Structures are given as structure tokens and as C-alpha cells.
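Just below is one structure, and these are the notes that go with it.
The values are calculated or read from the model by the stated rules, or taken from the named source; none is laboratory data. Bear in mind the structure is a predicted one, so any value in this text is a computation, not a measurement. Backbone-built Cβ (ideal geometry, glycine too); neighbour counts: all protein chains shown. The area values use the complete protein model at the heavy-atom level, side chains included, leaving out ligands, DNA and RNA. Shrake-Rupley method; radii C 1.70, N 1.55, O 1.52, S 1.80 Å.
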Amino acid sequence: MTKEEFYSSFKVLTKAELHLHLEAVISKKTIRYFYERKHSGLSDVQADSEIAKIFTYSDLNGFIQAYLAVQDLYESPADFDYVFADLKDYLVRNGISYAEVFAAPSAFIKKGWNFSDMVETYSRNIRKINSDTGIKIRLLIDVSRTFGYENAEKNLQLLLLNMIPEIIGIGLGGSEQKGPAKLFEKVFDKARSQNLFTVAHAGEDVGPESIWDAIKICKAARIGHGISAIQDEKLMQTLVERKIPLEVCPTSNVFTKKYVKNLAEHPIRTFFNKGILVTLNSDDPLFFGVELLDEYWNAYTEIGFSVEELKQIAKNSFVASFLTNDEKSEFLRRFDD
Ligand code: ADE
Ligand code: ZN
């Protein structure tokens with residue numbers, strides 16, 4: 001299949017994406033606008049070179065600093081209107097009909113922003129995108145490993161005071177090395193007691209023990225990345241038996257350079273062969289220069305999945321989602337059509 005044929009046929013397949021960060025889906029145009037607004041008087045060449053400096057990193061912690069630098073360019077919750085406009089374009093461009101998107105409020109709350117103002121922009125934009133396009137978006141609040149337990153607990157408290165139907169759970173992103181799962185056990189227990197879903201990035205920058213902790217201590221329903229599971233046969237068996245899905249983001253893993261040297265060696269192939277419920281995701285399109293359709297293409301050309309296998313992986317994203325069973329059946333019916 002040629003590249004054009006592949007992209008057009010996978011674009012029309014209705015797809016879900018389960019691991020996508022809101023603040024990282026902004027376009028180059030929006031980042032440029034935010035940057036020049038904050039640093040006025042720069043020539044185009046200077047702006048290009050300063051922006052390029054932000055996007056220079058060689059590991060997960062460097063990437064997280066870049067992520068925080070980008071969040072620092074936002075001036076007010078109204079800036080989320082630009083971000084959601086970019087998210088809408090992204091979802092349409094990639095043929096995504098359902099997305100569970102992480103929003104990371106910690107840096108904004110630290111700047112003194114009012115969480116309820118942020119929630120209002122999330123809610124208004126998500127409803128508008130749904131009425132304009134039919135695309136359904138749900139949010140997971142990333143309570144973050146980077147800033148420790150108290151910050152995560154504060155994020156959850158604010159969330160519980162500002163609940164909206166569009167926010168369905170919490171996630172644990174940020175620095176896996178600095179913030180081990182055991183620190184967040186109580187936040188996760190409390191979230192579940194309030195009927196929120198819980199997921200965690202794990203095994204992205206730390207070995208299989210971090211995935212075990214995310215499952216056993218935080219009782220995460222899904223694992224973001226999970227690539228270091230390749231080192232632990234028993235863990236892979238447990239993921240299969242307990243049907244714990246992995247939100248795999250191949251290009252992101254090549255960028256953060258911890259366990260994966262290149263796409264051809266990505267462990268997703270082994271995970272799939274063993275029967276783990278794997279899904280394909282882009283993680284941070286602005287930072288890694290990759291969108292969901294590109295990841296399907298990469299999986300086809302670099303990792304060696306067949307078209308039929310990729311269709312199975314695309315279906316897995318609905319199966320592994322937090323949609324109700326009725327909603328899953330409806331999306332899967334549309335997929336088969
Ligand atoms: N925040 C955004 N993307 C992330 C990733 N891949 N890992 C940890 N935190 C993140
Ligand atoms: Zn992520």
C-alpha cells in the first residue's frame with residue numbers, strides 16, 4: 001500500500017486516541033503567537049531560534065522542562081480556546097471520533113489561575129467541538145508526579161469541587177524518576193472512591209517495578225507507555241491476564257531515549273504477539289512531530305504490523321477506553337461499517 005493510500009484509508013477509519021496531552025496538541029502557529037506575545041520585538045529569525053531552543057531535549061526530564069516552558073507561555077485560561085481549536089483540527093485531520101485527553105493544571109494553578117475558570121473553558125470547548133463535529137472528547141486530569149503528593153492532592157481537591165461530565169478521571173504524568181507511584185496511593189484511592197477513573201504513565205523512564213507499583217499501589221486501570229514491561233515476563237503475563245491496556249506512543253519513546261533506540265526495535269510488536277491489549281497513540285504531537293495517523297504509518301512501515309493487525313489495534317482503543325459498553329458497541333459498529 002502506498003503512503004497516500006494508507007493515510008486516506010486509515011483516516012476514514014473511525015479511531016479513538018487514549019494518550020494525548022492537551023497542552024502538547026497546540027499548533028506551531030499557536031506556539032509562535034504565544035511566544036511573540038510574551039517576548040515582543042523579536043525578529044522572525046530570533047523568534048524561530050528561541051522557540052527551537054525550547055524544543056531541544058534528550059531525555060524525559062528535559063522534555064518535561066520543555067513542556068513546562070511551553071505552559072509558561074500561556075497568559076490566561078482564555079488561551080485554552082486556541083488550544084482546543086488546534087485540538088479540533090488535529091482530531092479531524094486524523095479521523096479521531098473519540099479522545100481521552102490529559103490536561104495538566106499544576107503549572108497554571110501554581111501561577112495563580114483559578115481552576116474553575118480553566119474547567120469552564122474545557123467544558124465550553126468540548127461541548128462546542130461535539131456539536132460542530134460529533135467528536136467526543138473526555139479529559140483526564142494529570143495530577144503529575146513532578147510536584148509531589150501535596151500538589152497532586154490539591155489538584156484532586158480542586159477537581160472534586162469543580163466536577164463536570166467531561167472530566168472522567170485522573171492520570172499520573174510527569175517525572176517518573178522523581179515521583180514514585182507509592183507517593184500517590186491515597187490520591188488514587190480517593191479519586192476512585194469518587195467514581196473517577198485512574199490511569200498512570202509508568203515504565204516510560206523507570207523499569208518494570210514502576211509498572212508493578214502503578215498496578216498494585218495506584219491500581220491504575222491503564223498504563224501509559226509501559227515499555228519497560230519487556231524486561232519482565234511475569235509482568236507481561238499479568239497485563240494479559242488482567243486485560244490491563246497499554247497506551248503505547250512509539251515515537252515519544254524514541255525521543256525520550258530510555259528503552260527504545262529506534263522504531264524497528266519497539267517492544268509493541270512483542271506486547272501485541274503476547275496478547276497484551278495495546279493501543280497506538282501520539283502523546284505530544286507538538287513536541288515529537290508526530291500525529292496519530294503517522295504512528296499507524298510508522299507501525300506499518302517500521303515496526304512491521306500488517307493492515308489487519310493495525311485494524312485490531314485501532315479497535316483496541318475503543319475496547320480499552322472508558323466509554324460505557326453501549327458506547328463502545330456503537331463506536332465499534334461504526335468502525336466495522
Ligand atoms: N507529560 C506530557 N507527556 C508526558 C510523557 N510522555 N511522560 C510524562 N509526562 C508527560
Ligand atoms: Zn504522556
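Of note:
This table checks each residue for (1) at pLDDT 95 or above; (2) crowded, with 21+ Cβ neighbours inside 10 Å; (3) touching a Cys at 6+ places or on another chain (Cβ under 8 Å); (4) under 17 Å from Glu176 (Cβ atoms).
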site: Lys243; (1), (2), (3), (4): yes, no, no, no
site: Leu246; (1), (2), (3), (4): yes, yes, no, yes
site: Asn253; (1), (2), (3), (4): yes, yes, no, yes
site: Val260; (1), (2), (3), (4): yes, yes, no, yes
site: Ile268; (1), (2), (3), (4): yes, yes, no, no
site: Ile276; (1), (2), (3), (4): yes, yes, no, no
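- Restricting the first member to the range 320-337 and to residues that are among the charged types (D, E, K, R), and the second to residues that are assigned to a loop (DSSP other than H, G, I, E, B), the beta-carbon pairs closer than 7 Å and six or more apart or on different chains are Lys328/Ser321; Arg334/Thr14.
- Scan of the range 285-329 for residues that are closer than 22 Å to Val101 by Cα, among the β-branched types (Val, Ile, Thr) and assigned to a helix (DSSP H, G or I), ordered by number: Ile313, Val319
- Phe102 vs. criteria buried (at least 19 other Cβ atoms within 10 Å of the Cβ) and either touching a His at 6+ places or on another chain (Cβ under 7 Å) or modelled with pLDDT under 95 (or both): yes
- Meets criteria (in contact with a strand residue (DSSP E or B) (Cβ under 6 Å, 6 or more places away or on another chain), farther than 20 Å from Asn298 by Cβ and open to solvent by less than 10 Å² (accessible area, probe 1.4 Å)) for Leu87: no
- Scanning the range 295-307 for residues that are of a type in the set (S, T, N, Q) and open to solvent by less than 10 Å² (accessible area, probe 1.4 Å) yields nothing.
- None of Leu292, Leu286 is buried (at least 23 other Cβ atoms within 10 Å of the Cβ), farther than 25 Å from Met163 by Cβ, within 16 Å of ligand 2 (Cβ to nearest atom) and not basic (Lys, Arg) except Leu292.
- Unmet criterion (only one of (1) closer than 23 Å to Asp284 by Cβ; (2) of a type in the set (A, V, I, L, M, F, W, C); (3) in contact with a Gly (Cβ under 8 Å, 6 or more places away or on another chain)) for Ile168: (3)
- Residue match in the range 197-207 (condition: within 16 Å of ligand 1 (Cβ to nearest atom) and assigned to a helix (DSSP H, G or I)): no
- Restricting attention to the range 28-49, the residues that are under 26 Å from the mean Cα position of the chain (by Cα) and charged (D, E, K, R) add up to 3.
- Considering the range 117-144, and only residues there that are under 19 Å from Thr324 (Cα atoms) and of a type outside the set (Val, Ile, Thr), the residue that is surrounded by the most Cβ atoms within 10 Å (Cβ to Cβ) turns out to be Leu140.
- Taken over the range 221-240, the criterion of being more than 16 Å from ligand 2 (Cβ to nearest atom) and either among the β-branched types (Val, Ile, Thr) or at pLDDT below 95 (or both) is satisfied by Ile230, Thr238, Val240.
- Of all residues in the range 168-181, those that are open to solvent by less than 10 Å² (accessible area, probe 1.4 Å) and part of a loop (DSSP other than H, G, I, E, B) have Cβ atoms under 7 Å from Cβ atoms of residues that are near ligand 1 (Cβ under 10 Å from one of its atoms) and of a type in the set (Val, Ile, Thr), 6 or more apart or on another chain, in Ser175/Ile64; Ser175/Thr146; Gly179/Thr146.
- Only listed residue being touching a Leu at 6+ places or on another chain (Cβ under 7 Å) and away from ligand 1 (no atom under 16 Å from the Cβ), chosen from Gln157, Gln194: Gln194
- Residue in the range 197-211 that is of a type outside the set (A, V, I, L, M), within 15 Å of ligand 2 (Cβ to nearest atom) and open to solvent by 60 Å² or more (accessible area, probe 1.4 Å) present: no
- Unmet requirement for Asp79, which otherwise passes all of (1) of a type outside the set (A, V, I, L, M, F, W, C); (2) open to solvent by 10 Å² or more (accessible area, probe 1.4 Å); (3) assigned to a helix (DSSP H, G or I); (4) more than 16 Å from ligand 1 (Cβ to nearest atom): (2)
- Hey, Leu246 within 16 Å of ligand 1 (Cβ to nearest atom), under 18 Å from Gly169 (Cβ atoms), in contact (Cβ under 8 Å) with a residue 24 or more places away in the chain and of a type outside the set (Lys, Arg) or not: yes
- Selection count where residues are in contact with a strand residue (DSSP E or B) (Cβ under 9 Å, 6 or more places away or on another chain) and touching a residue at least 24 places away in the same chain (Cβ under 8 Å), scope the range 93-132: 20
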